[in-house]
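The values are calculated or read from the model by the stated rules, or taken from the named source; none is laboratory data. The structure displayed is predicted, hence computed values, not measured ones. Don't worry about glycine lacking a Cβ; one is built from the backbone with ideal geometry, like all the others, and counts go over all protein chains shown.
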Amino acid sequence: MKHSVRGNIDPFIVMDVMEKARKAEENGRKIIHLEVGQPSTAIPFEALKRTSHIMERNPLGYTVALGLPELRKKISGLYGRWYNLDLDPARVVITSGSSGAFILSFISLFDVAARVGIGAPGYPSYRQILKSLGMLPVDIKTSLENKFQPKKNDILSNSLDGLLVASPSNPSGTMLDQNELAELIETSNSVGANFISDEIYHGIQYDKKAVSALEITDQCYVINSFSKFFSMTGWRVGWMVVPEDHIRVVERLAQNLFICPPHISQVAALEALSCENELSQYIEIYRKNRQIIMHELPQIGFQNFAPPDGAFYFYVDISRYSDDSLSFCDDVLKEVGVAITPGVDFDPERGNTTIRISYARSTDEISEGINRLGNFMKKRGYFC
């Protein structure tokens, strides 16, 4: 059988790295996972206990397409606590992870051949989902000097139909302040480009608070997820906030594309929203891991990286040692059993000289992983 042209997209390389690591573990090796943005912590215990109790008494059939009303209401309350916003729960749409939200957003906002600006480096699936939908991802080449974030002139010079930004970003963890975010939103509006804000790492920040696009305008789409701050990656539940006049458009798409997000995951998310105190303790683990890596990277030969403001990643320059990040990461996995992600996953043109290191795991694993990476660098003669 023939396959479609639009199905011919690039792999999500970090998933390939995970599979290589899994095979190594299957063969008895102990692998340190610094490749994937997956917390080592689980959903809060109380949330899991209450969810299990509900499972025993509820058949958990379909929900309405936009998600459980009580979950949407509780998420609107989160915006009051985190951003001092009075958000209408009707504007909250529950999705099958942030991935489902991206699909709904792109189809709702853009037609075939639309030009959508995304930062490079940036989350790989933006590019591939847009391609698979017949849209054109426009890579905006960001720099370390600009915290790997787009600037006003990037919008003005690219004839965009839309702009997607992430703050904190993946893979660099850098954030936009309120003035920077407002400038991007205002410039997008001035050229008629729809604005999407990826906020899935909100709640995971260190020295300053992340700003939501909703603090600036209601004329945008905001995407968030229970995967990161709420430590629920495998539950595949997220949400989006849309303008009031877009609710019915998104609802019709959700009805036909997904029917509804997983009922059990929505129940678990509802319960997790009552566990913010426990979840906030997880941030202290990431904070400690961040300090360890920030101190140790220069000691083992890695000098150039942007200190992350949030999320749990370092995006690191390896140009002194390699111009093939795929091979570099393969060698690290084979020789010292540390899984890291090649930069070409995030920036197809310039990512051959970068890697991403995740510090979402336990502190013991992070320390062991950096120690092994240092041994790799010494063995290669990259530093003394």
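When you look at Ser4, is it surrounded by 10 or more Cβ atoms within 10 Å (Cβ to Cβ), in a loop (DSSP other than H, G, I, E, B) and among the hydroxyl-bearing types (Ser, Thr, Tyr), yes or no?
no
Step by step: first the residues of the range 202-236, then only those that are aliphatic (A, V, I, L, M) and touching a strand residue (DSSP E or B) at 6+ places or on another chain (Cβ under 7 Å), then the one that is surrounded by the fewest Cβ atoms within 10 Å (Cβ to Cβ). Which residue is that?
Filtering the range 202-236 for residues that are aliphatic (A, V, I, L, M) and touching a strand residue (DSSP E or B) at 6+ places or on another chain (Cβ under 7 Å), the one surrounded by the fewest Cβ atoms within 10 Å (Cβ to Cβ) comes out as Leu214.
Name the one entry in Leu130, Leu176, Leu214 that is in a helix (DSSP H, G or I) and without any contact (Cβ under 8 Å) to a residue 40 or more places away in the chain.
It is Leu130.
In this structure, is Arg320 surrounded by fewer than 15 Cβ atoms within 10 Å (Cβ to Cβ), modelled with pLDDT of 95 or more, among the basic types (Lys, Arg) and within 30 Å of Asn58 (Cα to Cα)?
For Arg320, the condition - surrounded by fewer than 15 Cβ atoms within 10 Å (Cβ to Cβ), modelled with pLDDT of 95 or more, among the basic types (Lys, Arg) and within 30 Å of Asn58 (Cα to Cα) - is not met.
Yes or no: Asn277 modelled with pLDDT under 95 and of a type in the set (S, T, N, Q)?
So Asn277 passes the test.
Is it the case that the range 135-154 has a residue that's touching a residue at least 12 places away in the same chain (Cβ under 8 Å), aliphatic (A, V, I, L, M), surrounded by 24 or more Cβ atoms within 10 Å (Cβ to Cβ) and more than 22 Å from Val316 (Cβ to Cβ)?
no
State whether one or more residues within the range 259-271 are among the aliphatic types (A, V, I, L, M) and without any contact (Cβ under 8 Å) to a residue 60 or more places away in the chain.
Among the residues of the range 259-271, not one is among the aliphatic types (A, V, I, L, M) and without any contact (Cβ under 8 Å) to a residue 60 or more places away in the chain, which makes the answer no.
Checking the structure you have, find out if any residue of the range 314-335 is under 18 Å from the mean Cα position of the chain (by Cα) and part of a helix (DSSP H, G or I).
Within the range 314-335 (the criterion being under 18 Å from the mean Cα position of the chain (by Cα) and part of a helix (DSSP H, G or I)), the answer is no, since none of the residues qualifies.
I'm told Lys23 meets every condition in (1) surrounded by 14 or more Cβ atoms within 10 Å (Cβ to Cβ); (2) of a type outside the set (Val, Ile, Thr); (3) not in a loop (DSSP other than H, G, I, E, B) except one. Can you identify the failing condition by its number?
Unmet condition: (1).
Which helices (runs of 4 or more DSSP H) sit wholly inside the range 42-120 and have at least 2 residues that are free of Cβ contacts under 8 Å to residues at least 40 places away in the same chain and of a type in the set (Gly, Ala, Ser)?
69-83
When you go through Gln299, Gln255, Gln303 one by one, which is the residue that is at pLDDT below 95 and more than 22 Å from the chain's Cα centre (by Cα)?
Gln303
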